[in-house]
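K.L.:
What follows is a structure written as structure tokens; I'll ask about it next.
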Amino acid sequence: MDRDVATPRAGRRVVMLVDNAVEGDSRVQKAARSAADAGWDVTLLGCAHVDAERRWQLGDAEVRVLPLDAPRPAPPGASRSPGGVAGLRRRLVARGGLPLRAARLARRPVEHAQVRYWRARLGDRAWRRLEPGLWGYERLAGPVVDALRPDLIHAHDFRMLGVAARAVERARAQGRDVKLVWDAHEWLPGARPRRDNARWLPAHLGYVREYVGHADAVVTVSDTLADLLVRDHDLPQRPTVVLNAPVATAEVVPPPVVGSVVVASPGAEAAPDLRARCGVAAGTPLLVYSGAMAPQRGVDTVVEALPRLPGVHLALVVGDPAAGYVRRVVARAARHRVDDRVHVLPYVPHRQLVAFLAAADVGLIPLHHWPNHEIALITKFFEYAHARLPIVVSDVRTMADTVRATGQGEVFRARDAADLARAVAAVLADPGRYRAVYDGPDSPLPGWTWEAQAERLDALYRRLLTPAPAPTP
């Protein structure tokens, strides 16, 4: 019998929601593609600062990125001059430096007063006053979700939870039973605020508390985070853990297109050569850091360790090689006179990444201590493992414990360049010892694949959408 007839997948529509442009988010890409491969009718909706709607295919899943910056008419009588509060704010941000820092410090007491006032009046609903920009996602994505008439909505991360919950409420008011899955990518109380004001975190915490009870099921990225979500939200069921593991096969993902222009999909091709892109010969020790760069991610510590590691090179695989923080890291390398050994490279498609990374000798995870860093098994951890790289990780709890248990690498004290150099030197002295963990019957790799995680997600969808048996007369 055909699989789609024998299961509840046939004709059942899944809409996934995410608050970014999709292209750099491997978790949502993998979730959408694998669900479509399993037979679900999948549309992945992103929301981003783009000029026009973008559409492309991920396998059989349709991706649509909606433009957050769609122009809106100015209110009657609004000034278009560069003056006013908005104009002053723009000038301060553009100028930066001491005036900007002083302005931010001066507004702190006002922001804390706003938080206290609106939380006293509205409780968790205070986000409507503290972070009204969240309504922008609702205005943009809500009508599209309604038009798609999904059977299940999968809300990725925290910003899209309310959008999904309200869409479910509207559907049920029309007599349609829609299920809601919330995919908690991070522990929000431990997140670094994405905007520099005191309102951001309390507003988003209230937003999640208001809508988490609407979820029919919760998915998350690690066992530690699953336990925290049960504790924080008194969940009736423990979240399903879907690890940020890489796909076991490598292939090219077609690039996005803008508007209705269709771009032919390229055929499969081999991953690029990491060493060739760095200009580093085989046999030269090569460290690699792959992923987003920010001060709390600890790449500065790696640069400070390089003078203690003569002849060792560092590849930084990042989303935007021209970003301000990336340039500052390169400038720091120049001050340490190691800039000739630091190579900044752009991302490759996530289905090529494991093969791309495999040419290195060591994978680096130099995170600072931060609540979310302590509980995470991040995507690059599994990508390095599938590239069969020894991993050098800072002593953030969950990943350090995993590396110690498996023997796949070394642990160093966070922000300690000398100890990082010690850990790297230990790995480079006997790399085979660490790589051997990935071979043999006790290898952790078979369970650390996206294919294994996709089975859990498919089983969850089927459980939620399988009709309950009729009661026996």
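K.L.:
Need the failing condition index for GLY324 against (1) out of contact with any Pro (no Cβ under 9 Å at 6 or more places or on another chain); (2) buried (at least 18 other Cβ atoms within 10 Å of the Cβ), just the number.
P.N.:
(2)
K.L.:
Then there is this: Can you tell me which residues in segment 133-191 are aromatic (Phe, Trp, Tyr) and either open to solvent by less than 20 Å² (accessible area, probe 1.4 Å) or touching a Pro at 6+ places or on another chain (Cβ under 8 Å) (or both)?
P.N.:
Within segment 133-191, PHE158, TRP182, TRP187 qualify.
K.L.:
Follow-up. Give me the pairs: first residue in segment 450-464 and closer than 13 Å to GLY39 by Cα and modelled with pLDDT of 95 or more, second residue outside any helix (DSSP H, G or I) and open to solvent by 20 Å² or more (accessible area, probe 1.4 Å), beta-carbon distance under 7 Å, and six or more apart or on different chains, which are they?
P.N.:
ARG462/THR7; ARG462/PRO8
K.L.:
What tally of residues in segment 432-473 results from selecting those that are open to solvent by less than 50 Å² (accessible area, probe 1.4 Å), part of a helix (DSSP H, G or I) and farther than 30 Å from ALA217 by Cα?
P.N.:
Residues flagged as open to solvent by less than 50 Å² (accessible area, probe 1.4 Å), part of a helix (DSSP H, G or I) and farther than 30 Å from ALA217 by Cα within segment 432-473 amount to 4.
K.L.:
Check ALA78 against each of (1) at pLDDT 95 or above; (2) among the hydrophobic types (A, V, I, L, M, F, W, C); (3) more than 30 Å from ALA31 (Cα to Cα); (4) part of a loop (DSSP other than H, G, I, E, B) and name the one condition it does not meet.
P.N.:
With respect to (1) at pLDDT 95 or above; (2) among the hydrophobic types (A, V, I, L, M, F, W, C); (3) more than 30 Å from ALA31 (Cα to Cα); (4) part of a loop (DSSP other than H, G, I, E, B), ALA78 is out only on (1).
K.L.:
Considering only residues of segment 430-447 that are small (Gly, Ala, Ser) and more than 14 Å from ILE391 (Cα to Cα), which is farthest from the chain's Cα centre (by Cα)?
P.N.:
The extreme case among them is GLY440.
K.L.:
A further question on this structure: Just give me the residues in segment 213-242 being open to solvent by 40 Å² or more (accessible area, probe 1.4 Å) and assigned to a loop (DSSP other than H, G, I, E, B), in sequence order.
P.N.:
Result: ASP216, ASP234, PRO236, GLN237, ARG238.
K.L.:
Examine segment 412-421 for a residue that is more than 29 Å from LEU228 (Cβ to Cβ) and crowded, with 17+ Cβ neighbours inside 10 Å, and state whether such a residue exists.
P.N.:
Taking every residue of segment 412-421 in turn, at least one turns out to be more than 29 Å from LEU228 (Cβ to Cβ) and crowded, with 17+ Cβ neighbours inside 10 Å.
K.L.:
Go through the residues of segment 319-334 one by one and say whether even a single one is under 17 Å from PRO390 (Cα atoms) and not in a loop (DSSP other than H, G, I, E, B).
P.N.:
For segment 319-334, residues under 17 Å from PRO390 (Cα atoms) and not in a loop (DSSP other than H, G, I, E, B): absent.
This table checks each residue for (1) surrounded by 20 or more Cβ atoms within 10 Å (Cβ to Cβ); (2) in contact (Cβ under 8 Å) with a residue 40 or more places away in the chain; (3) in a helix (DSSP H, G or I).
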position	(1), (2), (3)
LEU364	yes, yes, no
LEU367	yes, yes, no
HIS373	yes, yes, yes
PHE382	yes, yes, yes
LEU389	yes, yes, no
THR398	no, yes, yes
THR402	no, no, yes
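K.L.:
It is to be established whether one or more residues within segment 348-355 are open to solvent by less than 60 Å² (accessible area, probe 1.4 Å), in contact (Cβ under 8 Å) with a residue 12 or more places away in the chain and not in a helix (DSSP H, G or I).
P.N.:
The answer is yes, given that some residue of segment 348-355 is open to solvent by less than 60 Å² (accessible area, probe 1.4 Å), in contact (Cβ under 8 Å) with a residue 12 or more places away in the chain and not in a helix (DSSP H, G or I).
K.L.:
Within the bounds of segment 253-275, is there any residue that is of a type in the set (Val, Ile, Thr) and either modelled with pLDDT of 80 or more or at positive phi (or both)?
P.N.:
No, there is no match, as no residue in segment 253-275 is of a type in the set (Val, Ile, Thr) and either modelled with pLDDT of 80 or more or at positive phi (or both).
K.L.:
For segment 418-449, what are the residues that are in contact with a Lys or Arg (Cβ under 7 Å, 6 or more places away or on another chain) and of a type outside the set (Lys, Arg)?
P.N.:
If the condition is that a residue be in contact with a Lys or Arg (Cβ under 7 Å, 6 or more places away or on another chain) and of a type outside the set (Lys, Arg), then ALA418, ASP419, ALA421, TYR438 are the ones that fit.
The values are calculated or read from the model by the stated rules, or taken from the named source; none is laboratory data. Note that the coordinates shown come from a computational prediction; the quantities given were computed from them, not determined experimentally. For neighbour counting, all protein chains shown are included, and Cβ atoms are generated from backbone atoms with ideal geometry for every residue, glycine included. Accessible surface areas use protein heavy atoms only, side chains included; no ligands, DNA or RNA. Shrake-Rupley method; radii C 1.70, N 1.55, O 1.52, S 1.80 Å.
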